[in-house]
Each structure stands twice: as structure tokens, then as C-alpha cells.
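Structure first, then comments.
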Amino acid sequence: MAVHEILAATNAVVTLDVAIPGIVWPWLVTINMWAKSIGTGVIFMLFLLLRKHPEQAGSLRFPTTVVSIIFIHLFLLFTLADLHQPFRMWHIFFYPHLNSAITIGAWMATVFVGLLFLLAFLSFIKKDNAAFDKTLTWVTILAIPVTLYTAALMSQCTARELWQMPTESAQMILAALLSGSAFMILLGGSKLNYEAKKTLGVVLGLSAFMSFTLYMAEYIFGPMKAEEVAAVLEYIKGDGPYTVMFWLGQWIAYLLPMLFILLSRASKSESILKLAAILALAGLWLVKHVWLMIPQLLPMS
């Protein structure tokens with residue numbers, strides 16, 4: 001046997017495709033998804049406000065950019081913390097596998113962060129609103145795949161029928177719209193008039209309604225799709241360990257905000273609208289956490 005063949009044999013790497021028992025993606029990933037939704041969602045809402053209410057939203061250019069930078073870095077921090085080998089993160093950039101969702105997501109998030117810092121420079125230092133708005137268009141477009149990439153990552157998991165790409169993609173976009181509109185209601189404060197906040201309330205209410213509809217569709221009709229889905233959903237039905245958390249999340253993130261938005265429109269109360277925003281942000285974490293945990297509880301054997 002040749003020398004190089006011996007060396008190759010002694011350095012062989014054996015990979016086994018076996019089930020890993022227990023929770024692989026813990027609460028760190030929940031914060032990852034929650035923070036990413038806010039970080040991209042506020043960009044969507046700033047883009048909307050600058051076109052519908054430019055005179056009101058002008059002063060929110062820099063504060064919104066700072067919020068997005070903070071939450072995107074929280075998203076990246078908790079992504080790094082969850083990696084089994086975080087100090088090898090640089091391999092993603094120097095030894096990329098372009099068929100991997102996490103590699104593509106890392107590249108997109110890096111470009112996204114760079115553009116956010118450009119927005120901060122244009123709004124705070126250069127004070128060039130025209131250049132900011134042009135750049136914001138490209139940042140908003142890039143925010144779409146950045147917020148969708150987690151759905152692609154989850155859909156690549158084998159034997160996880162609940163995490164299907166079409167449904168998860170819709171949920172990621174709706175989560176960004178829900179959290180983005182909620183956070184902008186709170187961030188706007190006295191800077192936004194009632195009409196601008198009403199626009200954000202409409203986005204929040206519709207996002208909550210559509211998200212709730214998707215979850216109920218999975219809850220009711222999911223068992224018809226696959227036996228594995230039926231087994232997973234048992235964790236949130238009856239006496240399941242996540243039943244209480246699931247329904248708390250649905251009420252806090254979706255049902256109560258929808259009710260409070262209707263009440264705020266009837267009474268023109270900004271306080272009720274702010275309460276709806278706070279509940280939506282808190283409830284979204286619960287909803288995401290339950291949906292992340294329950295498929296991982298199902299034994300793969």
C-alpha cells in the first residue's frame with residue numbers, strides 16, 4: 001500500500017446518519033428567530049411608513065436602523081452560541097457549502113448587517129435622506145430572504161414533517177410583520193400621529209389573524225397529512241406537556257392583540273394599541289418556542 005493511502009486510511013472520517021436523542025435546538029434558537037423577526041420586521045415597517053406617512057416617519061430613520069442593528073446582532077449572537085463548534089464559524093465563509101441553508105443565510109445576514117451600518121451612516125453622520133431611502137429599498141428586499149432563511153433551515157431537517165417549507169415561510173414573514181409593526185408602534189411614541197399608528201395597527205391585526213389561521217389549520221388538519229404530524233401535535237393537545245404554553249401563546253400573540261386593535265380603533269385609544277403591541281411581542285416568543293420544541297420531542301426510532 002502506498003504511503004499516501006495509509007495516511008488517508010488513518011485519517012478517515014466516518015459519518016453515521018443516526019437520530020440524536022433529546023432537544024438539539026433549545027431556547028437559544030427561539031431567541032434567534034424572535035430577534036431576527038424584529039430586526040427585519042422594523043425595516044419592513046420603516047419602508048411602509050416612509051411611503052404612506054413620510055412626514056411622520058422621517059425622524060424614525062436612525063432610531064429604526066439602531067433597533068434593527070441591535071436585534072440582528074442578537075440573532076447572530078444566539079446563532080453563534082448554539083453552534084456546537086462556534087470557534088469554527090469562519091469555516092462558513094472560507095469553506096462554504098452553497099447547498100446549505102445556514103451558509104447562504106450567514107452570507108445574506110453579513111451583507112444585511114453591512115447595509116444597516118450604511119443606513120446608520122447615511123442617517124446620523126451624512127444626514128442624506130434621499131440616499132438613505134434609496135438604500136433602504138435594497139435593505140428591505142434583502143430582509144425578505146434573511147427572515148425566510150430559518151424556514152429553509154428547518155425544512156432541511158429530516159423526519160420533521162411539521163416544519164414544511166411553504167407553511168414555515170409564511171409564518172416567518174408574518175412573524176416579521178407582526179413583531180415589526182408592534183415594535184414600531186412602541187418606538188414611534190409621540191413621533192407618529194394616530195393615522196400612522198392606525199396603519200401599523202392594521203398590519204399587526206392582519207398578521208395576527210393570518211398567523212393564527214395558519215396555526216389552527218396545522219392544528220386541525222395537520223394530522224391528516226402524516227402520522228408523524230399527528231404524533232407531534234399530541235404534545236399540544238389534551239394533557240400534552242406544551243398544551244398550556246401553546247394556547248397561552250395563541251391568545252397573547254394573536255387573539256388578544258386582534259381584540260385590542262379593534263377596541264383601539266373604536267375608541268381611538270393609543271394606550272390600548274400599545275398594549276396590543278406589547279402582548280404580540282411577548283406572545284410571539286411563546287408561539288415560536290412551542291413550535292420549535294414539539295417536533296424534537298418525538299422519538300425518531
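Read the figures in this text as sums done on the coordinates, not as results from a lab. Predicted, not measured: the structure shown is a model, and the values here were computed from it. Using ideal geometry, Cβ is built from the backbone for each residue, glycine included, and neighbour counts are taken over all protein chains shown.
Remark: segment 195-208, residue by residue, has Karplus-estimated 3J(HN,Hα) of 5, 5, 5, 5, 4, 5, x, 5, 4, 4, x, 5, 5, 5 Hz, where x stands for each Gly or Pro and the curve is 6.51 cos²θ - 1.76 cosθ + 1.60 at θ = phi - 60°. Separation of segment 146-165 from segment 166-187 is 17 Å, based on Cα centroids.
Simple point charges give the picture: +1 on the Cβ of Lys and Arg, -1 on the Cβ of Asp and Glu, and for the chain a dipole about the Cα centre of about 1260 debye.
Its alpha carbons give segment 43-131 an Rg and a Dmax of 16.1, 48 Å. GNM, the chain, Cα, under 10 Å: largest mean-square fluctuation among Leu83, Leu206, Leu50? Highest fluctuation of the listed residues: Leu83.
Can you list which of the trypsin sites (Lys or Arg not before Pro) found in segment 199-276 are DSSP loop residues with at most 16 other C-beta atoms within 10 Å? Spell out each step's value before the answer.
Values: sites: Lys225, Lys237, Arg265, Lys268, Lys274; in loops: Lys237, Lys268.
Sites meeting the loop and neighbour criteria: Lys237, Lys268.
At full extension, Ala170 and Ala130 could sit 11.2 nm farther apart than now, given 0.36 nm per residue minus the alpha carbon distance. Projecting the Cα atoms of Leu162, Ile173, Ala151 onto the charge dipole of the chain (Cβ charges, centred on the Cα centre) puts Ile173 farthest toward the positive pole. A P(r) calculated from all alpha carbon pairs of segment 178-301, with 10 Å bins opening at zero, reads 14, 40, 25, 15, 6, 1 percent.
Report relative contact order for the chain in percent, whole number only (criteria: Cα-Cα under 8 Å, sequence separation at least 6).
Working: 378 pairs, mean separation 67.1, N = 301.
Relative contact order, the chain: 22 percent.
The order of Asp239, Asp133, going from fewest to most other C-beta atoms within 10 Å of their C-beta, is Asp239, Asp133. Applying the Karplus relation 6.51 cos²θ - 1.76 cosθ + 1.60 with θ = phi - 60° to segment 99-108 yields 3J(HN,Hα) values of 8, 9, 5, 5, 5, 4, x, 5, 5, 5 Hz, where x marks Gly and Pro. Return the whole-Å distance between the Cα centroid of segment 52-116 and the Cα centroid of segment 212-277. First find each Cα centre; the distance between them is then 28 Å.
Over 21 Å between C-alpha atoms is what I'm after, so list which of Lys36/Lys268; Lys127/Lys191; Lys127/Lys197; Lys36/Lys288 land there.
Lys36/Lys268; Lys127/Lys197
Principal axis extents of the C-alpha atoms in segment 28-297 (largest first, rounded to whole Å): 55, 55, 25. A cut-off of 5 Å between modelled amide H atoms, ignoring neighbours fewer than 5 places along the same chain, links His53 with no other residue. For segment 132-183, the share of alpha carbon pairs falling in successive 5 Å distance bins from zero is 4, 20, 22, 20, 16, 9, 5, 2, 1 percent.
Extension gain Asp239-Ile70, at 0.36 nm per residue separation less the Cα-Cα distance, in nm? Can you show the working numbers first?
Numbers: separation 169, 0.36 × 169 = 60.84 nm, distance 3.87 nm.
57.0 nm is the gain from fully extending Asp239 to Ile70.
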